[in-house]
1. I want to check the label-to-label distance for Glu68 and Thr187. Put each point 7 Å from Cα in the C-beta direction and report it in nm to one decimal.
2. Multiply the residue separation of Gln263 and Ala11 by 0.36 nm, subtract the distance between their alpha-carbon atoms, and state the gained length in nm to one decimal.
3. Mind giving me the FRET efficiency for Leu38 and Ser129? R0 is 41 Å, r the Cβ-Cβ distance, nearest 0.05 is fine.
4. What's the Kirkwood radius of the stretch 122-276 in Å, using all Cα pairs?
5. How long is the gain from Leu53 to Ala101 if the chain were fully straight, where each residue apart is worth 0.36 nm and the alpha carbon distance is subtracted?
6. Can you pull the one-decimal nm distance between simple spin-label points at Asp137 and Thr208, each 7 Å off the Cα toward Cβ?
7. Looking at the stretch 167-233, which trypsin sites (Lys or Arg not before Pro) are in a loop (DSSP not H, G, I, E or B) and have at most 16 other Cβ atoms within 10 Å?
8. Round to the nearest 0.05 the FRET efficiency obtained for Leu23 and Leu3 when R0 = 25 Å and r is the Cβ-Cβ distance.
Amino acid sequence: MSLLLALLALAGYFALPEDWRRLVGTPGDRWLGWCAQLPPSLGDGLRLALTMLIPMVVLAVSLQALRELGLSLLVFLPCALVLVVIFGDVTQPQAAARHLAHWQSRPWATPLPDAEQNDWVTPDLALNSELAEARKDMLRESLQELFSPLFWFLLATPVAALGYHILRLAEREGEPTTQELARHWLTLADWIPTRLLALSFALAGNFTATWSVIRERLLRPDADGHILIDEAAEAAEPVDLDSGAEPSVALTEAMTALQALLQRALIVWMVMLALHTLWPGA
């Protein structure tokens, strides 16, 4: 059932219509609004913990009750609903579209080669800086909206994936007093997924170059996971901006290559899940 639910989650991530995305995001927004009314005297840590744990406990008890009543087949329904909400409430497609629209509408000056930096420069912004910022955004959002929730779902059922999703919402849309704490907890929750994603980039791209970049920091507890996947992606799918193309076209082609790398990394994850499903003892 895990493979079927994972495929359903991916359908929600990639194919859910935009109107439905706004709809599935409503329960999370309302829940955060309700939790914002918890007494400040509880402290930020306890308030954030309750924000996460109450929905997780409700879901876990509901699933267990269905099993106790002999309705195991119905367990699929709440799991499917929760996964559609988690993987449908995403911003990564909008972020990619925002960068593309910015590049296409930007009044780029004629790019000039910088002999010392071997880079393009414009009167106000280097193209490589634009690309680095966009790549950082896309990798972070793909990690926290797709790969990390998928990891926690596969490791510990939709209950853990729901907790991660609420934590991400709190970091993105919660009160300022809890956002920093939620960001710290997310860093801890992302530690394993970032390492797995970096390894996936090695398998899906230039293995030798990627492994040489990540091998010394892969298991270091203090290594920043977001920097790790950024550098791994750059090594797995090197991008040389075409100096003869329009700046917006060159940047769009670079982001298309990154999207292709992320899709290949996702295929690696799904192949591993399929193999585990077919041969659970392997």
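1. 4.0
2. Values: separation 252, 0.36 × 252 = 90.72 nm, distance 1.35 nm.
Contour length minus the Cα-Cα distance gives 89.4 nm.
3. Details: r = 41 Å, r/R0 = 1.00.
Efficiency computed from Cβ-Cβ geometry: 0.50.
4. Details: mean 1/r = 0.0603 Å⁻¹.
Computed over the stretch 122-276, the radius equals 16.6 Å.
5. Net length gain for the segment: 13.4 nm.
6. That separation, rounded to one decimal, is 3.6 nm.
7. Here the sparse-neighbourhood loop sites are Arg215.
8. So the FRET efficiency works out to roughly 0.40.
We did not get these values from a lab; they are worked out from the coordinates using the rules stated. Predicted model, so just to flag it, every value in this text is computed and none were measured. We place every Cβ from the backbone using ideal geometry, glycine too, and count neighbours over all the protein chains shown.
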